[in-house]
């Protein structure tokens, strides 16, 4: 029976240990003057007695208690927490996850659709706010992210060596990948390089903004869902999708892609790039900063000549389609477990509104002014970083508290101070990024299905999601023919996809009215 | 552990014979019963109390609504499971791996123990024994990382050697579904064989040397001794190990398989345990996952009763 009980035990254990798992965790019944949070963590959990934590409490005039959860386990911890009786007041969640959707539908979280407008700092961009909703129902302020982040990063020094220009079309990309593979761009006399670097993508959702989806959109396929003949169809049921996948399959079969593209960990994505193995990465544009950091460690003199970033590419006939992002990453949902009355809710939202003000967001995503940073020309410049106490503040900002920010500065958005290293290559990268984003937004293919969550997907997603995701990968690996890939897509439709398509069409048209 | 303490007092009571009533027996062996309590408490708290949660397999469970508020849907999730696209694949994968486990993993420690038993140099015997059970102390995470390091198509050391030796196309052992089961069985052999060998060695140590002497007197060679003395002597141990294993046949090592799964081999890799985790914890479909787990649990119980019955039919002592 052990297996049957695994899940039940896990849920029960979480219910019991909810308090202990928390950050401060003295008692389950935090008093009325305390707000409990749960959010992601990228390092070690900040000390509640720490300088930054105290500064935030002082600013809010309230105590806060945060359950910090390592990013890698976040969704699992959310699902387990939702099943416990210790849901924090404010929870950073992906509003589209089935577990949250069900909990929200059952009334575990406050529906803020009619209320959020009263708190000006929480609204943000109305379109993005709608995107973060469940079928138009808004459950909390979203955490802002740049609307367009997709880019291509190329080894600039290799490009020079093989004598090619920056790519404009997918054909150019193919040529560069071919030259990087065959022309020994690192000049070590060995045939040990490849062009494109693709990692094993975590999760099984189809439209995950991974390199494959980016290339689908470049070839003109919908971004997740798109209109064809007056109806919304999924990305993979269009001729452009097959066009794009033929292109990718060719690259993979000809060895222009890293051979371990099915097992390379995303955390090691940069390694082949900086270790002279591969020369192209298709990902979010902020990765360029990481790459610059890594090259700077190798050689502080020449790192500026190593990375070339370009925006979305046109397809062979010159038409350009760019992949935008949803503009947000998770929302701050308010649970009803402790916040029971409208008055309590109003009190809490006022506090969140205060936290979402410029002063609050600066605390969360810059730190304490005059202590770990100063403002110069509207930018944050780090100071006193040699002092371990100040370094602690800086770490608490970067690894933890920025994850509570709704308008924190990330890349090109947010209301806090942008933070740019003073060195020229970084400044050049950011300046170019802003231009690129503005340019690519003109050709952005938006996903009309973002605000809707079809009920069949919630019910059957667990079985349906992997079907096409896995089939595409198998097709690219040469294990399935195009006919077999089409058969898998049909299997998706037959298993419930037909209903999902119907519901998406209905829900989106209802939303438009 | 504590359940092992339970039988002696009961037996002792029977031997004692002069019709003691229950209260007297209880009082007489009170200290033994007291020793039993922590064990019973463990099973009650961690194995029986959570069973209350099994009811969510028959509900459309939403945590916020709780056990009482969630809608009762009866066998809907089981119908979904048996008619859905996953069941055949999960059943096939699980049974196939179980079959490979019986064929390769189960006999391996017996063979190793017999071989070690034949070694006459004690130092060598001891050191080999110690060396092969070290992997038992490594976690699956480490075993999986080692596998990736050795077999990855890009930088795998062993994969590189095999490629140099055999030539031809480079094979992506860790991503190809065809290689998945071989890798899993190899990992299991490497990690578990040494440890289980200890149990058989202990059984072998208990075989009376007089039996061997008698066999030698009758002119039995090494193989004859093995066949007619050694194996019959450890047969009860083998049977008990077999019955215990049959109960766990459907419990594939979750961590091991989860760590070795990727998009390409998922079709081959998914077994009931990984599926329950993925659907329940990752996707938040609590009820469906519990239904799958419950089915697996029931099947496991049937298997252990079945093999126990079979063992008795074949004239062996069963477990119960």
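For this structure, a couple of remarks:
- One residue from A:457, A:464, A:511 being modelled with pLDDT under 95, more than 21 Å from the chain's Cα centre (by Cα) and under 20 Å from residue A:326 (Cβ atoms): A:511
- Considering the conditions (1) touching a helix residue (DSSP H, G or I) at 6+ places or on another chain (Cβ under 7 Å); (2) more than 16 Å from residue A:110 (Cβ to Cβ), residue A:383 is excluded by exactly one of them, (1).
- The strands (runs of 3 or more DSSP E) located wholly in the stretch A:107-212 that include 3 or more residues which are more than 30 Å from residue B:62 (Cα to Cα) and touching a strand residue (DSSP E or B) at 6+ places or on another chain (Cβ under 6 Å) occupy A:150-155, A:194-197.
- The one condition in (1) within 14 Å of chain A (Cβ to nearest Cβ); (2) farther than 22 Å from residue B:175 by Cα; (3) in a helix (DSSP H, G or I) that residue B:250 fails to fulfil: (3)
- Filter result for the condition that a residue is assigned to a loop (DSSP other than H, G, I, E, B) and surrounded by fewer than 18 Cβ atoms within 10 Å (Cβ to Cβ), over B:149, B:162, B:199, B:171: B:171
- Residue within the stretch B:124-144 that is within 14 Å of chain A (Cβ to nearest Cβ), buried (at least 18 other Cβ atoms within 10 Å of the Cβ) and assigned to a helix (DSSP H, G or I) present: yes
- Of the criteria (1) touching a residue at least 60 places away in the same chain (Cβ under 8 Å); (2) within 14 Å of another protein chain (Cβ to nearest Cβ); (3) over 21 Å from the mean Cα position of the chain (by Cα), which one residue B:259 fails: (3)
- Selection of the stretch B:61-98 for residues being on the phi > 0 side of the Ramachandran plot and either away from chain A (no Cβ under 11 Å) or in contact (Cβ under 8 Å) with a residue 40 or more places away in the chain (or both) yields only B:74.
- Checklist (1) facing chain A (nearest Cβ under 9 Å); (2) part of a helix (DSSP H, G or I); (3) under 18 Å from residue B:87 (Cα atoms) applied to residue B:281, failing item: (3)
- Condition check for residue A:413: away from chain B (no Cβ under 14 Å), at pLDDT below 90 and within 21 Å of the chain's Cα centre (by Cα): yes
- Condition check for residue B:303: more than 10 Å from every other protein chain (Cβ to nearest Cβ) and outside any helix (DSSP H, G or I): no
- Some residue of the stretch A:294-312 being more than 13 Å from residue A:156 (Cβ to Cβ), touching a strand residue (DSSP E or B) at 6+ places or on another chain (Cβ under 8 Å) and surrounded by 19 or more Cβ atoms within 10 Å (Cβ to Cβ): yes
- Check on residue A:172, modelled with pLDDT of 95 or more and assigned by TED's automatic domain parsing to the domain that holds residue A:238: yes
- Of all the listed residues (A:46, A:70, A:95), the sole one being in contact (Cβ under 8 Å) with a residue 24 or more places away in the chain, surrounded by 21 or more Cβ atoms within 10 Å (Cβ to Cβ) and more than 14 Å from chain B (Cβ to nearest Cβ) is A:46.
- Hey, residue A:463 surrounded by 19 or more Cβ atoms within 10 Å (Cβ to Cβ), without any contact (Cβ under 8 Å) to a residue 60 or more places away in the chain and either facing chain B (nearest Cβ under 8 Å) or touching a strand residue (DSSP E or B) at 6+ places or on another chain (Cβ under 7 Å) (or both) or not: yes
- Candidate set: the stretch B:163-209, residues that are touching a helix residue (DSSP H, G or I) at 6+ places or on another chain (Cβ under 6 Å) and within 14 Å of chain A (Cβ to nearest Cβ); chosen: the one modelled with the lowest pLDDT: B:170
- One residue stands out among those in the stretch B:1-60 that are loosely packed, with under 11 Cβ neighbours inside 10 Å and either at pLDDT below 60 or under 30 Å from residue B:80 (Cα atoms) (or both): the one that is nearest to the other protein chains (Cβ to nearest Cβ), which is B:1.
- Filtering the stretch A:165-204 to residues that are within 25 Å of the chain's Cα centre (by Cα) and either surrounded by fewer than 17 Cβ atoms within 10 Å (Cβ to Cβ) or free of Cβ contacts under 8 Å to residues at least 24 places away in the same chain (or both) leaves A:202, A:203.
- Checked across the stretch B:241-263, the condition of being farther than 30 Å from residue A:469 by Cα, at pLDDT 85 or above and either crowded, with 18+ Cβ neighbours inside 10 Å or not assigned by TED's automatic domain parsing to the domain that holds residue B:200 (or both) holds for at least one residue.
- Check on residue B:229, farther than 24 Å from residue A:459 by Cα and without any contact (Cβ under 8 Å) to a residue 24 or more places away in the chain: yes
The values are calculated or read from the model by the stated rules, or taken from the named source; none is laboratory data. Just so you know, these numbers come straight off a predicted model, no measurement behind them. Note: ideal-geometry Cβ built from the backbone for every residue, glycine included; neighbour counts use all protein chains shown.
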